Amino acid sequence: MSAEGDGSLLTVTVPPDRWAELGRFAKETLGCLYFNFLTAVDWKDQGLEVVARVENLDVGLAVTMKSRLGAGQSACASLVPLYPGADWMERECFDMFGIRFEGHPDLRRILLPQDWEGHPLLKSYAVDTAHPPYR
Amino acid sequence: MEIKAPTPQVPPPVWTEFKDLQEWEKYHQERPEGDKHSALFESVTEGIHHFPGGFLVTTVADSFLNWARKSSVWPVTFGLACCAIEMMATFASRFDVERLGMVPWASPRHSDLMIVSGTVTIKMAPMLKRIFDQMPDPKWAVSMGSCANSGGPFRHGYHVVKGVDRVIPVDVYVPGCPPPPESLLNGLLLLQDQITHFRTTGKRAAPAAKTD
């Protein structure tokens, strides 16, 4: 089976337990070998949503994958076994949103210092939190 | 002849050796208060100063030393953000601070001035303080731009130090976002005016009264 398309954009929303399965389908069936980006959205009461885009550069197919983790949930499957390029993006996502990517080989903070408290892109993060010794 | 793509040679990861900044910061010790001058030097100059007519010696020596200091202020090459572009323009030939005796020097050990040009993040602040502490006394700091003055447009960001004066003592604040080279040049001239009043036997001079 091969993917057809010309500059087409596809958005797929799946429950979080089928996240890795969708990634495998996009890579192996649709031929999306290029991992573009991965990020997350904080929908406050409705929980976090993970957003990733993979692309098939040969046919110009872009697949945007979305998954609502549910209120209060922060666990998600990792795409690193499929896409090695997802490594640092999932670390950044963990850094900023606190999403635990299960199966990630080295889930540490990447941008902020290792002893930083909290995840600053969450809506519940207090922006003017004192951070000694410099503010 | 077939051309093959070169096999990428992956170097061993060096980040496993990387120590976190806060871990380095533990090695960094606070500079003790009052080590601007040795106590012996201070007592000798105080003795000369209180000798009848001795103030002539100390004031003349002060003005000579201050002339020498203000004529060769070497800023350390330290650019943080977009203000550094304006700082580079100030160093370059059009505005040419070298005619004021300022040579941008790529070593903190030989520098007298740190121009903090740009946003100081919480992650960068320990490194900035370490570079400032590596500079020999007497040393000065110019806070350049809104970000270094107060945090500027990023003041409510989660990662921004709200003013570099929370990290190091600042002598001259240059406003602007970013300040044009003329503003920085004016700030450097104000700094030279301030250095003129630097006292050898006392503490750092009060900030210059004139602001324009």
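General observations
- Only strands (runs of 3 or more DSSP E) whose full extent lies in segment A:1-92 are considered here, and the ones with at least 1 residues that are free of Cβ contacts under 8 Å to residues at least 40 places away in the same chain, among the β-branched types (Val, Ile, Thr) and in contact with a strand residue (DSSP E or B) (Cβ under 8 Å, 6 or more places away or on another chain) are A:34-42, A:48-56.
- In the condition set (1) surrounded by 15 or more Cβ atoms within 10 Å (Cβ to Cβ); (2) without any contact (Cβ under 8 Å) to a residue 12 or more places away in the chain, B:Val57 is compliant with all but (1).
- Here segment A:35-61 is the region considered, the condition is being of a type in the set (Val, Ile, Thr) and open to solvent by 20 Å² or more (accessible area, probe 1.4 Å), and the residue that is modelled with the lowest pLDDT is A:Val59.
- Inter-residue pairs, beta-carbon under 8 Å, first touching a residue at least 12 places away in the same chain (Cβ under 8 Å) and small (Gly, Ala, Ser) and in segment B:87-103, second surrounded by 15 or more Cβ atoms within 10 Å (Cβ to Cβ) and not in a loop (DSSP other than H, G, I, E, B), 6+ apart: B:Ala89/B:Pro181; B:Gly101/B:Lys70
Per-residue answers, yes or no, for (1) open to solvent by 10 Å² or more (accessible area, probe 1.4 Å); (2) in contact with a Gly (Cβ under 8 Å, 6 or more places away or on another chain):
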position: A:Cys32; (1), (2): no, no
position: A:Val63; (1), (2): no, no
position: A:Ser74; (1), (2): yes, yes
position: A:Ala77; (1), (2): yes, yes
position: A:Pro81; (1), (2): yes, yes
position: A:Pro84; (1), (2): yes, no
position: A:Cys93; (1), (2): no, no
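- Counting only residues that are outside any helix (DSSP H, G or I) and not polar (S, T, N, Q), segment B:58-87 holds 9 of them.
- You will find that of A:Pro81, A:Pro105, the residue that is within 14 Å of another protein chain (Cβ to nearest Cβ) and closer than 15 Å to A:Ala20 by Cβ is A:Pro105 and no other.
The values are calculated or read from the model by the stated rules, or taken from the named source; none is laboratory data. Computed from a predicted model, the values in this text were never measured in an experiment. Ideal geometry is used to build each Cβ from the backbone, glycine not excepted, and the neighbour counts take in all protein chains shown. Areas reflect the complete protein model, heavy atoms only, side chains present, ligands, DNA and RNA absent. Shrake-Rupley method; radii C 1.70, N 1.55, O 1.52, S 1.80 Å.
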